[in-house]
Every structure is written in C-alpha cells, then in structure tokens.
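Below is one structure, written out as structure tokens, with a few remarks after it.
What follows draws every value from the coordinates through simple rules; no lab data is involved. Just so it is clear, the model here is predicted, and its values are computed rather than measured. Here the Cβ is made from the backbone with ideal geometry for all residues, glycine too, and neighbour counts use every protein chain on show.
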Amino acid sequence: MAPHPSAHPARRRGNYIPRSGLAGGLAAALLASGIAVAVGPAAASAPPPAAQIAPPPPVSGPFVEGNRTVRKYDYSKAIRESVRVDTKIDSDGNGKNDVIAVDIVRPAEAVRDNVRIPVIIDPSPYYSCCGRGADSEKKQYGSNGVHNHMPQFYDNYFVEYGYAVAALDLIGTSRSTGCGDVGGRDDIASATLVVDWLNGRNTATHVGGGAAKADWSTGSVGMLGKSYDGTVPNGAATTGVEGLKTVVPIVGISSWYNYTRYAGMVTKKNYLSYLGTYVGNNNGVCTSRFNKLDQQAEDGTGNYNALWAARDHVKDAAKVRSAVFVVHGQEDMNVVPVNFSAWWQALEQHHVPRKIWLARSDHADPFDYRRKEWVRQLHEWFDHWLMGLDNGVMKKPLSDVEFENETWQQDASWPLARNVPVGLARGGLDGAGTGSGTVTIRDQAVSDEDQVSGKPTGEQAYRKVFLSAPVARDVRISGHPSVTLTIRSDKPQTPLVARLVDYGNRKVFAGMGKGSGEECFGGRIATDDGCYTPRPATTRNAGYAVFGRGWLSAEHRLSLNSRTPLKTGEWTEVTIPIMGTDQLVRAGHQLGLSLLLSDQLKMDGRSRGATVDIDLARSRLNLPTGQAADIRPASAVTVPVTYGPPPVLPPTRLLAP
C-alpha cells in the first residue's frame, strides 16, 4: 500500500486539469472565469473503450429466469461468516499489518448447486459508532463472533435472489484494526483489498481461525452506501480495481475539498480529526495521525492542496472501470449537491455508463422516500451489472428527477440544458439583453434564510435581488448555473453569496418524516427481520423556494490553490459557481437571483465589512435552460410571500450516517 499522501507533497503540483477534473460543475464555473486549479498530473484524458466497462458474462443458476433473477433461496438458511481480510498497511505503527473486518451473508443453496455468485458490499465506518439507515441499526454478533444481524435490507432481500451481501468495516473502525485517514488512500484500500480477496488476489482468515477463500464468488462486485458509505465506492471506482463492476453512491462525497470547503470558502474547520475520532476505535493511538491531517488541511487559507488532491475522486474519473448509479438530494446541505454534479460531469466526460436520481430530499436514502421503486430499480441495475443479464436497463431513461408533490420526471439525458446568459438589469433578470449602471451591496450580518432569500421587495443595502416577470409557462432549469460579476470592492477579501430562488406560493421540502407500521423486504431470522417503518418526506407552504446556492471566496477567484487579494477600488471579474440543480419555475412564478456578502448556511452569518459595487453591463446569470426567452425583467416587484418556520437543515459538523 502506498504511504499516506503527506509523504509526497511535491507530486501534487504543476499541471492544470481539464474542466471536469477537480470538481466538475464547480471547476467548470471557476475555469470559465479563469480560475486555475493546479493539482498535479491529471488522469489520462482519453475515454476508455466501451468494452472496458461492461457487465460480466451472464450467470446461470436456478435463481435466473430469462433476463431477471427470482427468489429461489432461503434467507433463514444462509451462510453467515465473518472474515479478516489482510492488508500490507500498518497505519497505527504497531508493527502489525492491519486487517479489514468483513461480515458476509450468502445463500447456502448456491454451494449445493455449485453456483458462484456476485457480491454487494456496503463499506462503512458507522457499524459500531452510529448505526446505519434511518433506524440507526448496528451489527450484532453471537457468542461465536459471527454476526447475526446486518443493518439495512440488502441481505434480507438480495440473498434470496442469488447474491452475497457483505458489510465491511473501514480501516480503524468497528472490528477492523489500524487508524483511518478520513477519505484517504487507506480508507479506499479497505474496500479495494476486499474486492481483491473476492477475486482470488488477496488472503483472509475466518474469525475463528483458518484460511478464508472466496471460491464461491464470481468476482463481480457492486459497492453501495449512503453518505460516507457512498463516498468510499466513488474512491474505489477511481482505482480501476478489477472486478468492481458498479458503484451506487447515495448522497456520497466526490471531493472532500467540496465537502469541507466551497470555492475557497472554509465551511468546516478541524473536521478531519473530528470525524476520524468520531467514527474510529478511539484508543488514542490515532490522535497524532488525525491531528496531522488537520494541519495539512490549511483551514486558515481554504486552499486546495496535496491533502485534498488525495481525496478528490473527480479528478481521477478517467480511471473508472465501473458503471455508476448516482443518487442525491437537491436539499442536501450536508453533502452538498456540488458533490453529485461534479462527479456526474466527470463521468460524462469520460463516457462512463451511468444513471442518476435527483430527489427533493435532504441527506436521505431513497429507501426512505421512494422505497418500492428504489428496490425495483436497484435490483434491475444489479441484475445487469453483476449477474450479466441483458434486461435493457441501460436503454431506459438516464435520469429520474423529482419535482413537487412527489412527482418524478424521467429523461434520456441529464442535464437537459447548457448555460445561456441572462442579463442583470436594475432589479430584473433579462434573458434577451444586458443591464446598465451599477448597484452596491454593503455587507451585513444575517441570521436566517428569510434575510438571504425572502422578501424580494423594497431596497435592502445588504443584498440585491434581480427578478424576472412572472413566467407565462413552466420553465425548467437543469444543469450547473453560475453568476459572472464584474465587481469593485473596498476590501481585499470578501465572500460572495448567490441564491437562485423561485418566488410564488408552493409546497417546499421540510424534512423526512416517520410513518406508521412496517414494510418488510426479503427473508427474516429471529435477530434480523428486514422490516422498516415508512419515512415519507414532509412539506410546508412557503412563498419562495431556493433552487440553487453558491459561494465564492473572492481571494480564490483566480485559483483554488492560492489566494490573490482584490485590488481595492479596481474592477475585477469573478464567477460564483452555483451547485447543480434541476427545478421548475411554475407558470405565474418569478425567478430571482439574490446576491449578498454573508449568509448563515455555510458561513457564520457575521459581516466582514465589505462594500461591493457591481457593474451590471458586465455581469450575468449563466442559466441552464432552453427557455431563456421566457425570462423577462420584472417591471414592478409585487410578490406575495408566505412565511413559515425556517427550513430544517441537518447539522453540518458531522457527516451524518
């Protein structure tokens, strides 16, 4: 295993990467305005031949009927085994190589039938500290040291269809030994070394002793999970490890820089040591390693450096040899949407087979908000990419996007539009022209979203809202917006904040709820029944909805690698990247762009004291829509606004399970 990334800082300098290399939608917006991102040698830019990313040969067995798998095996009779997969990593420096704990459930009848089967892995640091799923389930073990309860429905359901399911403890967590590195190479090796074992390229032992061989496995592996569990599959895919046929990242991180920063804005400080300690085995041995990560993170500058390059999966998308099924919530303020949009753009650039779900949810699993359809599509996806069945899944719509009232739209592509310029007139958005004159924003402390996005009436010194007239028909915004501004500041540094807002009465997402009763999936045993309470999304009435959010540290307008202070009193062009989005401005509603210098969401809300002028003739909203002609400036601003409680946002300190 390669040493920790801090051992090679010089290898992360030099070359510029292509537009999707660093952070997809974020990098595209930054590079469009001339912002450079130097991260060292880029991955090979040539797309892989299609044959290199292909499903395995079809599996034959009693659980295959035509082009689908059917329930043939008995979950209650399944083989349950706990193994320790070997590594060549000594992350805690105790002179012993670390081992990775893996708990497996597989159908016993497959051994009887002499049928090899594929494996679905959920790699997680959370199996002991926090639990998995909405019910926070933890692994449970019998007196023999072998598990008798595996969190979530995957084993209950898929084992009966001829799959093995494995729950993997990341290095330094739960029953694995060593120290984690919070998204780094050792975290990823935790997963890829298990893929190697399933393909006969690595060794393992049973928890009770004796060599453990995966001679029951076809070697075809799928990897999935939510949050941190979905982040590791992204990283594993970029290694190109043989046998990893598909990954399914659910609200997963694609770049840890984009998780703890945003375009130079530091949103989480001392975070790597915090998270490493939170999920780790907490024996004190790993403290110095975690503290070193914090030192290398450069919280004081917000710069992208070697540490973040080692945790940036987007820049390595050219190495991916796995199909990718991306799932994300557009209201996720924990793993913010730039993580899906960055990853998606890079996968598209390198022609990786892919599919996407975008929900009107926060940091949630589709098993909670669209349960039956999610299980159906996930099953179909695995039947193709792990069983090798020609079920036509790749000929079906590429994207599923949720709009209001839990309605879903399927499309053959995503995003649906490229950016077109929309002018900023005084107080208005103009899809057919540009503005003139200047407006001024004076920084002021803000404490809630209403101050940032609400009340689009009257003059407010701390922000400017540019409004369209009510649109005559529904306008779809689908892609990666940004705002290009020509500014003049009286301070050498200031944050810049943008909100893309729909004004008009509507129902907005208000968090995941909890229903009544239980729904059961697959087989059961006394200690693992596979039954879960419905958890539908909740809504509230509001007079506006935030469609997109963006931030920029003005010092990072030229490069994420270093800071360049503004020259006070001089005009400068900057671009604020807005996170990827897919939304409908309903007929009769107005689209608004709110610009200000502080917010309470990714900043502390306090004023930095800057005053910024904006030259409207040289500024624009870059809007992904095919209907720019429908965006006309508002002649008079009279928008009814209904206020309810502020949006319920998850804590941003913790990468929530």
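In angstroms, what radius of gyration and Dmax does the range 419-630 have, counting Cα atoms only?
Radius of gyration, then largest Cα-Cα span, for the range 419-630: 20.4, 72 Å.
Kyte-Doolittle mean at least -1.0 and Cα extent at least 30 Å along the axis: which DSSP H helices of the chain qualify?
TM-like helix candidates: nothing returned.
Can you list residues whose amide H is under 5 Å from LEU552's amide H, if they're 5+ apart or on another chain and H is modeled 1.01 Å from N?
LEU496
Assigning unit charges at the beta carbon (Lys, Arg +1; Asp, Glu -1) and nothing else, what dipole magnitude in debye, to the nearest 20, does the chain show about its Cα centre? Write out the running numbers ahead of the final one.
Values: 71 positive and 65 negative charges, 213 e Å.
About 1020 debye.
Using θ = phi - 60° and the Karplus relation 6.51 cos²θ - 1.76 cosθ + 1.60, list the HN-Hα couplings for the range 507-515 in order, rounded to whole Hz, with x at every Gly or Pro.
Coupling constants for the range 507-515: 8, 10, 4, 10, x, 7, x, 9, x Hz.
Neighbour counts of other C-beta atoms within 10 Å: give me VAL612, VAL285 arranged from fewest to most. Before the final figure, lay out the partial values.
On the way: VAL612 24, VAL285 16.
Lowest to highest Cβ neighbour count: VAL285, VAL612.
At a Cα cut-off below 20 Å, give the lysines reachable from LYS396, other chains included and same-chain residues fewer than 8 away excluded.
List returned: LYS245, LYS355, LYS372.
May I ask for the net charge around ALA189, where only other residues with Cβ less than 11 Å from the Cβ of ALA189 are counted and Lys, Arg are +1 while Asp, Glu are -1? Working shown, then result.
Numbers: positive: LYS88, ARG185; negative: ASP98, ASP181, ASP186, ASP187, ASP196.
Local net charge: -3.
How much mean residue ellipticity at 222 nm does the chain get from its helices, if each DSSP H run of length 4 or more adds -39500 (n - 2.57) and you divide by all residues, to the nearest 500 deg cm²/dmol? Numbers along the way, then the final one.
Values: 13 runs with 107 residues, N = 657.
Computed mean residue ellipticity for the chain: -4500 deg cm²/dmol.
Would you mind pulling out the separation of the Cα centroids of the range 460-510 and the range 271-332, in Å?
30 Å
How do 88-98, 561-571 rank on mean C-beta neighbours within 10 Å, highest first?
On the way: 88-98: 15.5, 561-571: 13.9.
The peptides rank, most packed first, as 88-98, 561-571.
Measure out, as a whole number of angstrom, how far apart the alpha-carbon centroids of the range 547-598 and the range 222-257 sit.
What the calculation gives is 29 Å, centre to centre.
Within the range 419-630, how many lysine pairs that are 8 or more places apart, or on different chains, have C-alpha atoms less than 27 Å apart?
11
If you rank HIS379, HIS384, HIS589 by fewest surrounding Cβ atoms within 10 Å, what's the result?
So the ranking, lowest neighbour count to highest, is HIS379, HIS589, HIS384.
So how do 199-212, 398-411 stack up, highest first, on mean other-Cβ count within 10 Å? Before the final figure, lay out the partial values.
Working: 199-212: 14.1, 398-411: 16.1.
Answer by packing, highest mean first, reads 398-411, 199-212.
Please work out the FRET efficiency for the pair TRP571 and SER447, using the Cβ-Cβ distance as r and a Förster radius of 25 Å; give the result to the nearest 0.05. Mind dumping the intermediate values first?
On the way: r = 31 Å, r/R0 = 1.26.
Taking R0 as 25 Å, the efficiency between TRP571 and SER447 is 0.20.
Quick one: compute the contact order of the range 419-630, relative version, from alpha carbon pairs under 8 angstrom and 6+ residues apart, as a percent. Provide the component values of the computation, followed by the final result.
Details: 562 pairs, mean separation 90.6, N = 212.
Result for the range 419-630 is 43 percent.
Provide the gained length on full extension for the span ASN97 to THR407, in nm with one decimal, where the gain is 0.36 nm per separating residue minus the Cα-Cα distance. Could you put the intermediate results ahead of the total?
Values: separation 310, 0.36 × 310 = 111.60 nm, distance 5.09 nm.
Once the chain is fully extended between ASN97 and THR407, it gains 106.5 nm.
Could you rank the peptides 592-598, 107-113 by their average count of other C-beta atoms within 10 Å per residue, with the highest value first?
In descending order of packing, they fall as 592-598, 107-113.
Which of THR611, GLY592, PRO577 sits closest to the plus end of the dipole of the range 419-630, meaning its Cα is farthest towards the positive end, when Lys and Arg get +1 and Asp and Glu get -1 on the C-beta?
THR611
Just report the Cα centroid separation between the range 397-413 and the range 52-89, whole Å.
One Cα centre to the other: 30 Å.
If the reach is capped at under 18 angstrom between alpha carbons, list the aspartates and glutamates near LYS139, excluding any in the same chain fewer than eight residues apart.
GLU81, ASP103, ASP122, ASP155, ASP169, ASP229, ASP528, ASP529
Excluding residues on the same chain fewer than 8 positions from LYS315, give the aspartates and glutamates whose Cα lies under 17 Å from its Cα.
In chain and number order, the partners are GLU348.
Among (i) 141; (ii) 252; (iii) 160, only one was calculated for this model; which label is it, if the read-out is volume of the Cα convex hull per residue in Å³?
(i)
Treating the beta-carbon of each Lys and Arg as +1 and of each Asp and Glu as -1, no other charges, what is the dipole magnitude of the range 430-530 about its Cα centre, to the nearest 20 debye?
Details: 13 positive and 13 negative charges, 95 e Å.
Computed charge dipole of the range 430-530: roughly 460 debye.
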